[in-house]
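Asker: Dropping a structure here in structure tokens format, bear with me for questions.
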Amino acid sequence: MRTPDIYLRSIGVHLPPVVSIETAVAEGSYPADERDYFRLRGAAVAGDVPAPELALRAARHAFERSGGMSPRDLDLMLYADVWHQGPEGWQPQYYLQQHLVGGDVLAVELRQGCCGLFSALQLTAGYLRPGGTALLVGADNHGSPLVDRWRMMEGYVVGDAGCALLLTTDPGFAELRSVNVTVLPEAESVNDGGVPMWPPDATVGRPLDFTSRHREFRKRLLARDGAGVMLAIQSTLMVLVDRTLKEAGITLDEVTRVAFPHGRRDNVEERVSWLGLTLADTTWEYGAGIGHLGVSDQFVALDHLLAGGALAPGDYVLLIGVGAGKTLACAVLRILDIPAEYASDGPG
């Protein structure tokens, strides 16, 4: 969808300390024989800091960078996540309302896998009216007994982070030109691993093991006409990118950098080659050092690009999301200005 008059005012990030792959190998947490092949370097680990606290710290960071915006002036707050946030039956967005924004703003938790913040962008673009402001937050702490962050997915390590975006209808430092999210229902079973839907995993202490689930799904693909599903994921992603670029009024040649999920190097290389790009055009190298952050990858990477001087006014950034469902997402941002804080403070 085209998104006229939607602007990014600021980004807030809270990234915990990184545990290196070398440390994980030495502790027996990460397979030594995979280190050179996948070329991952570490994962941000939040320890016992709850995900809503990561979100709160990122949100405060975004307001500190906003040039005087007040949390009390918000019209909308959307909270995206992929993993358990706190006590069952408890809503994480209300933690931010208690400690930051107050109770007058509409606050909703979103669950759409790793594409949750893209869905939040799309919902915000349809919700805000002239003069409106929205806070979008994403946060996950995967440090649970049910998750092995070093082996949960082959070729991935999983990190923790909080990320916050302040969006307004008044001009900001970047313009959201277009955003789209689509789902391939025929690929719904890619991540289910044949695990029963009832009782839910967390209620019986069943670990989240995507490595085993993906292997099980590949067996099902071989037993049926599953190749078509995998081809549909790639072709749909290409169509989605093409549509989003056209809505933004640009071509792929005009894109300065592309942010993919922080995933397998070979997967990213394959997808960018289909688009006529190289790994150097992406933020993979940065992501390999902090891990897959759930909903926050592309937006933490955008903050990193700005802090590192990799973007200039007039540049276009393409953000691509891939999540369970199978969910595919794409957004185009145009950089209008480089905020002064990036010359001094870098990522939060």
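The values are calculated or read from the model by the stated rules, or taken from the named source; none is laboratory data. Bear in mind that the values here come from a model prediction, so they are computed numbers and not experimental data. We place every Cβ from the backbone using ideal geometry, glycine too, and count neighbours over all the protein chains shown. We work out accessible area using only protein heavy atoms, side chains counted, and drop any ligands, DNA or RNA first. Shrake-Rupley method; radii C 1.70, N 1.55, O 1.52, S 1.80 Å.
Asker: Here's a check for you: in the range 285-321, which residue that is within 15 Å of the chain's Cα centre (by Cα) and without any contact (Cβ under 8 Å) to a residue 40 or more places away in the chain is nearest to Met230 (Cα to Cα)?
Answerer: By that ranking, first place goes to Gly287.
Asker: Still on this structure: One residue is enough: does the range 61-69 have a residue meeting the conditions closer than 17 Å to Gly291 by Cα, open to solvent by less than 40 Å² (accessible area, probe 1.4 Å) and among the aromatic types (Phe, Trp, Tyr)? Don't jump to the end; show me each part of the working.
Answerer: Going residue by residue through the range 61-69, those that are closer than 17 Å to Gly291 by Cα are none.
Checking the range 61-69: not a single residue is closer than 17 Å to Gly291 by Cα, open to solvent by less than 40 Å² (accessible area, probe 1.4 Å) and among the aromatic types (Phe, Trp, Tyr).
Asker: Working only within the range 116-166, note down all residues that are assigned to a loop (DSSP other than H, G, I, E, B) and among the acidic types (Asp, Glu). Spell out how you get there, then give the answer.
Answerer: Keep residues of the range 116-166 that are assigned to a loop (DSSP other than H, G, I, E, B), which gives 128-132, 141-146, 148-157, 159-160.
Within the range 116-166, Asp148, Glu154, Asp160 qualify.
Asker: If a residue counts only when it is within 27 Å of Gln112 (Cβ to Cβ), which strands (runs of 3 or more DSSP E) contained entirely in the range 1-98 have at least 2 such residues? Give the steps one after another, and end with the answer.
Answerer: Values: elements: 7-14, 18-20, 42-44, 76-80.
Fully inside the range 1-98 and qualifying: 7-14, 42-44, 76-80.
This table checks each residue for (1) open to solvent by less than 20 Å² (accessible area, probe 1.4 Å); (2) closer than 25 Å to Arg177 by Cα.
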position: Gln93; (1), (2): yes, no
position: Gln97; (1), (2): no, no
position: Gly102; (1), (2): yes, no
position: Leu110; (1), (2): no, yes
position: Ala120; (1), (2): yes, yes
position: Gly126; (1), (2): no, yes
position: Leu135; (1), (2): yes, yes
position: His142; (1), (2): yes, no
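Asker: Right, something else. Taking the criterion of being hydroxyl-bearing (Ser, Thr, Tyr) and crowded, with 17+ Cβ neighbours inside 10 Å, would at least one residue in the range 24-39 satisfy it? Lay out the reasoning, then the answer.
Answerer: We begin by selecting, within the range 24-39, every residue hydroxyl-bearing (Ser, Thr, Tyr); these are 29-30, 37.
Add one more test, that the residue is crowded, with 17+ Cβ neighbours inside 10 Å, and what stays is 30.
Yes, that holds for at least one residue.
Asker: Which one of these is closer than 24 Å to Leu231 by Cα, of a type in the set (Ser, Thr, Tyr) and open to solvent by 30 Å² or more (accessible area, probe 1.4 Å): Thr278, Thr282?
Answerer: Details: Thr282 fails: open to solvent by 30 Å² or more (accessible area, probe 1.4 Å).
Only one candidate qualifies: Thr278.
Asker: Would you please list the contacts, defined by Cβ atoms under 7 Å and residues six or more apart or on different chains, that run from a residue in the range 111-128 that is within 21 Å of Gln91 (Cβ to Cβ) to a residue that is polar (S, T, N, Q) and part of a helix (DSSP H, G or I)?
Answerer: Gln112/Ser119
Asker: Still on this model: Does any residue in the range 188-210 that is open to solvent by less than 40 Å² (accessible area, probe 1.4 Å) come within less than 7 Å, Cβ to Cβ, of a residue that is modelled with pLDDT under 75 and among the acidic types (Asp, Glu) six or more places away or on a different chain, and which pairs are these?
Answerer: Pairs found: Gly193/Glu216.
Asker: So which of Ser29, Ser10 ends up being more than 26 Å from Arg149 (Cα to Cα) and of a type in the set (Gly, Ala, Ser)?
Answerer: Values: Ser29 fails: more than 26 Å from Arg149 (Cα to Cα).
Matching residue, one of Ser29, Ser10: Ser10.
Asker: Which of the residues spanning the range 99-115 are touching a helix residue (DSSP H, G or I) at 6+ places or on another chain (Cβ under 7 Å) and in a strand (DSSP E or B)?
Answerer: Ala107, Val108, Glu109, Leu110, Gln112
Asker: Continuing with this model, one more query. So which residues in the range 50-98 are touching a helix residue (DSSP H, G or I) at 6+ places or on another chain (Cβ under 8 Å) and of a type in the set (Gly, Ala, Ser), if there are any at all?
Answerer: Matches in the range 50-98: Ala55, Ala59, Ser70, Ala80, Gly86.
Asker: Ok, one more. Pick from the range 244-275 the residues that are surrounded by fewer than 15 Cβ atoms within 10 Å (Cβ to Cβ) and among the hydroxyl-bearing types (Ser, Thr, Tyr): which of them is modelled with the lowest pLDDT?
Answerer: Of everything passing the filter in the range 244-275, Ser273 is modelled with the lowest pLDDT.
Asker: I would also like to ask the following. Kindly indicate whether any position in the range 201-214 is in a loop (DSSP other than H, G, I, E, B), modelled with pLDDT of 85 or more and of a type outside the set (Phe, Trp, Tyr).
Answerer: Pass one, the range 201-214, residues in a loop (DSSP other than H, G, I, E, B): 205-207, 209.
In the following step, the residues that additionally are modelled with pLDDT of 85 or more were identified as 205.
Then drop every residue that is not of a type outside the set (Phe, Trp, Tyr), which leaves 205.
Yes, that holds for at least one residue.
Asker: So which residues in the range 224-275 are farther than 26 Å from Leu306 by Cα and either assigned to a strand (DSSP E or B) or among the hydroxyl-bearing types (Ser, Thr, Tyr) (or both)?
Answerer: Correct list: Ser235, Thr236.
Asker: Could you please let me know if Val183 is closer than 27 Å to Arg334 by Cβ, modelled with pLDDT under 95 and surrounded by fewer than 24 Cβ atoms within 10 Å (Cβ to Cβ)? So that I can check it myself, show each step before the final result.
Answerer: On the way: closer than 27 Å to Arg334 by Cβ: yes; modelled with pLDDT under 95: yes; surrounded by fewer than 24 Cβ atoms within 10 Å (Cβ to Cβ): yes.
The answer is yes for Val183.
Asker: Could I ask something else about it? Within the range 235-243, can one find any residue that is at pLDDT below 95 and surrounded by 17 or more Cβ atoms within 10 Å (Cβ to Cβ)?
Answerer: yes
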